[in-house]
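The values are calculated or read from the model by the stated rules, or taken from the named source; none is laboratory data. All values derive from a computational prediction rather than experimental measurement. A quick note on method: Cβ atoms are made from the backbone with ideal geometry, for glycine too, and the neighbour counts reach across all protein chains shown. Each accessible area value is taken on the protein alone, full model and side chains, heavy atoms only, with ligands, DNA and RNA left out. Shrake-Rupley method; radii C 1.70, N 1.55, O 1.52, S 1.80 Å.
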Amino acid sequence: MSYVINDPTDFAEEAAAGFVAAHRSLVRRVPGGVARAGATPAGQVAVVIGGGSGHYPAFAGLVGPGLAHGAAMGDVFASPSAHRVHGVARAVASDAGVLLSYGNYAGDVLNFDAAEAQLHAEGIPCRTVRVTDDIFSAGREEREKRRGIAGDLTVFRAASWAAEAGHDLDGVFDLASHANERTRSLGVAFSGCTLPGAGEPLFTVPAGQMGVGMGIHGEPGIDIRPRPSADELGRMFVAELLAERPDDVPDARGARVAVVLNGLGAVKSEELFVIYGTVARELEAAGVVIVDPEVGEYATSFEMAGVSLTLFWLDDELERAWSSPAYAPAYRKGVVDAAAAAATEALDADTAEALDEDEPLIVAAGSEASIAAAGTVRRILDALRETLDAEADALGRLDAIAGDGDHGIGMQRGSRAAAAAAGHGQLAIAGAGTVLARAGDAWADQGGGTSGALWGAGLRAAGLRIGDAEAPDASAVAAAVDAARAVVQSAGKAEPGDKTLVDALVPFAESLRRRIDAGETLAAAWDGAAQDAQTAADATALLVPRLGRARPHAAKSVGTPDPGAISFALAMNAAARVLAARVLADKEET
Ligand code: ADP
Ligand code: MG
């Protein structure tokens, strides 16, 4: 739990501000996160990392020479929005382009991919390396599905070393990918963590037990086992990871390996040293040569009691990268060459100011009918906000069963931002389409996570389809809903049956279309479709998740409905009530 807190919703932002104040000589605020204090030298690829808050020193503490050029920062345990990733990348990109690198989580993938697409569209070369070191989160044959945990550090180090050594973007990508291929981790948890302001931990581990294969977002372990002694734990770590050697390392004997023993938050340094003693002994007994081990906190999960071990199987180049100097707020190694550090010329004041400017609010005026229809859009967004506010705790608890527990706060933040954006004074003369699209952008930016990105993209697509020319009739509304469905499916790649919000969205869109084609009024059709969405969402309880954060916890998830499908159905029912009320009001008027 957090002992020191103001308003929980401001926690990540306040922590970021204090972090920058504490490290002014090393980092500066940029839109969406932090960057090295100095600019990226011309010709040098910029390495942009990022993820949710709550993992310090990942990610902001790993910005500096020898490490990243910038870090995009999301809310607590929520991916930064595409807008934030883009903001950081723009702030640090030189002419040589940007390498994005982050732990492989669905929400981060969606948002970083969207940012990458935007950078491409702007002519900024960009490539991505996702860290997939967690051996317990998927089998060997599905390595690309594995999550990223403390192995982030080794991949970031390789990427930054290559960038600073002057490799071009493809070269940086190749070395970072190779580092990821050579990085394997395994984590255990003895207790869950509690989000700032929350009354209960995200999950608990029964006394005397430990969760094996825990995630760094408070996802529970994949396997529950009796808690071993420190020696037994160290031996288990080494045995599991030696068995998971990369394919191109045929023999552990003689191999040179960097070792990272990472505390997740509540395990003390001395306890880590006790485990490390065993780890070192076991590795040496297996003939492994340990190179520059790190014992401490590199990727945490608030105050979770947990430990992870990472083995980074080196070759000559990777070893040069791993052993090179670094100077970041939370990671320092060797002596950073003063000349190299100074090569990051200071930003001139004009550039800094230009970067801080918010995007101007461009408002397209709509037809009178569309401006009137925007009133209904606003009332619907307000209703969504109210419902999602009221259900935030329940949705969070649902997400905590097999996910990371943030679905409630994510939907709350997103719907609040959307309603606020729609009510923005400058949108007063905007048509329904613009209001909806703007609301979507705000949702994506503030909601974070997988669902924030998808809801944002969906609302935006619906808004673009509706446009500002005329008031949408029932058929236009059905088309807009289908446009949202299409964009959500193409961004998230989920099909019905994967146990995601798509399981409620697809039946909703189909039912709405069918009912409207059959001649029902919009209000009646929407109400019927919302009930169908609810039935479909409830039915997800029987499904096994194939995508998203819940996938590694498939067994735990069965019997519980998908949180994203449930929140979608709640939202559509709230909207149905607004449409029904509007019909009543119209009747009273006539
Ligand atoms: P995160 O998973 O990033 O923590 P949230 O907790 O806010 O994000 O949202 C979780 C929900 O997102 C899931 O319950 C599921 O409905 C939805 N989801 C996850 N992955 C996908 C996907 N690939 N496509 C569609 N929806 C998804
Ligand atoms: Mg979640």
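Ranking 175, 15, 51 by Cα position along the charge dipole of the stretch 8-343, where only Lys, Arg, Asp and Glu carry charges on their C-beta atoms, puts 15 farthest toward the positive end. Fully extending the segment from residue 372 to residue 170 would add 67.6 nm, taking 0.36 nm per residue of separation and subtracting the current Cα-Cα distance.
Over the stretch 275-329, what portion of Cα pair distances is larger than 19 Å, expressed as a whole percent? Across the stretch 275-329, Cα pairs with separations above 19 Å total 43 percent. Summing Lys and Arg as +1 and Asp and Glu as -1 over all other residues whose Cβ lies under 14 Å from the Cβ of residue 365 gives a net charge of -2. Computed over protein heavy atoms with a 1.4 Å probe, the accessible surface of the stretch 368-589 works out to 39 Å² per residue. Each of 576, 558, 501 was scored by the projection of its Cα onto the charge dipole of the stretch 472-589, and the greatest displacement toward the positive side belongs to 558; charges sit on the C-beta of Lys, Arg, Asp and Glu. Computed over the alpha-carbon pairs of the stretch 542-590, the distance histogram in 10 Å steps reads 24, 29, 19, 15, 11, 2 percent, short to long.
The residues of the stretch 8-343 expose on average 34 square angstrom of accessible surface per residue, using a 1.4 Å probe on protein heavy atoms.
A simple charge model with +1 on the Cβ of Lys and Arg, -1 on the Cβ of Asp and Glu and nothing else charged puts the dipole of the chain at about 720 debye relative to its Cα centre. Round to a whole angstrom and tell me the spacing of the C-alpha centers of the stretch 518-545 and the stretch 223-295. For the stretch 518-545 versus the stretch 223-295, the Cα centre distance is 50 Å. Entry note: the stretch 417-518 has Rg to Rh equal to 0.99, where both radii use alpha-carbon atoms and Rh is the Kirkwood radius. Against the empirical curve 2.2 N^0.38 Å, the C-alpha radius of gyration of the stretch 192-293 lands at a ratio of 1.23. Angle between the Cα long axis of helix 407-422 and the longest principal axis of the chain, 0 to 90 degrees, nearest 10? It is inclined by approximately 50 degrees.
Legend: translational diffusion of the chain by Stokes-Einstein, Rh = Kirkwood radius over C-alpha pairs, 4 °C, 1.567 mPa s; D = 53 µm²/s.
Computed with a 1.4 Å probe on the full set of protein chains, the accessible area for residue 25 sits at about 100 Å². Taking a Cβ cut-off of under 12 Å around residue 205, the surrounding Lys, Arg, Asp and Glu residues balance to a net charge of +1, with basic ones at +1 and acidic ones at -1.
For the stretch 1-95, the spread of Cα positions along the three principal axes, ordered from largest to smallest, is 45, 27, 18 Å.
Peptide packing for 271-280, 136-145 was compared via the average number of neighbouring C-beta atoms within 10 Å per residue; ordered from the highest value, the list is 271-280, 136-145. Take residue 499: with every protein chain present and a 1.4 Å probe, its accessible area is about 10 Å². Comparing 540, 371, 415 along the charge dipole axis of the stretch 368-589, the residue lying farthest to the positive side is 540, per the Cβ-charge model. In the chain, the portion of solvent-accessible area held by carbon and sulfur atoms comes to 54 percent [1.4 Å probe, whole percent, DNA, RNA and ligands not counted]. With respect to the chain, whose longest principal axis is taken over its alpha-carbon atoms, helix 169-181 is tilted by about 70°.
Stokes-Einstein D for the stretch 368-589 at 10 °C, 1.306 mPa s, Kirkwood Rh over Cα pairs, in µm²/s? The estimated diffusion coefficient comes to 93 µm²/s.
Note on the stretch 166-237: Kirkwood hydrodynamic radius from all Cα pairs is 14.6 Å, rounded to one decimal. Around residue 256, what is the net charge, scoring Lys/Arg as +1 and Asp/Glu as -1 over all other residues with Cβ under 14 Å from its Cβ? With Lys, Arg at +1 and Asp, Glu at -1, the net is -4.
For the stretch 27-107, the antiparallel share of DSSP beta bridges with both residues in that region comes to about 45%.
Beta-bridge orientation, the chain: approximately 55 percent antiparallel, per DSSP, counting only bridges with both partners inside. For the stretch 98-210, would you read off the P(r) tail past 24 Å as a percentage of all alpha carbon pairs? Of all Cα-Cα pairs in the stretch 98-210, 38 percent lie more than 24 Å apart. Translational diffusion of the stretch 243-294, estimated by Stokes-Einstein from the Kirkwood radius over alpha carbon pairs at 20 °C in a medium of 1.002 mPa s, is 178 µm² per second. Evaluated with a Cβ-only charge set (Lys, Arg +1; Asp, Glu -1), the stretch 190-342 carries a dipole of roughly 320 debye about its Cα centre, given to the nearest 20. The alpha carbons of the stretch 467-590 occupy a box of 55, 26, 23 Å along the principal axes, longest dimension given first.
To the nearest ten degrees, helix 432-447 and the longest principal axis of the Cα atoms of the chain are 30 degrees apart. Just so you know, the Cα atoms of the stretch 8-343 work out to an Rg and Dmax of 18.7, 55 Å.
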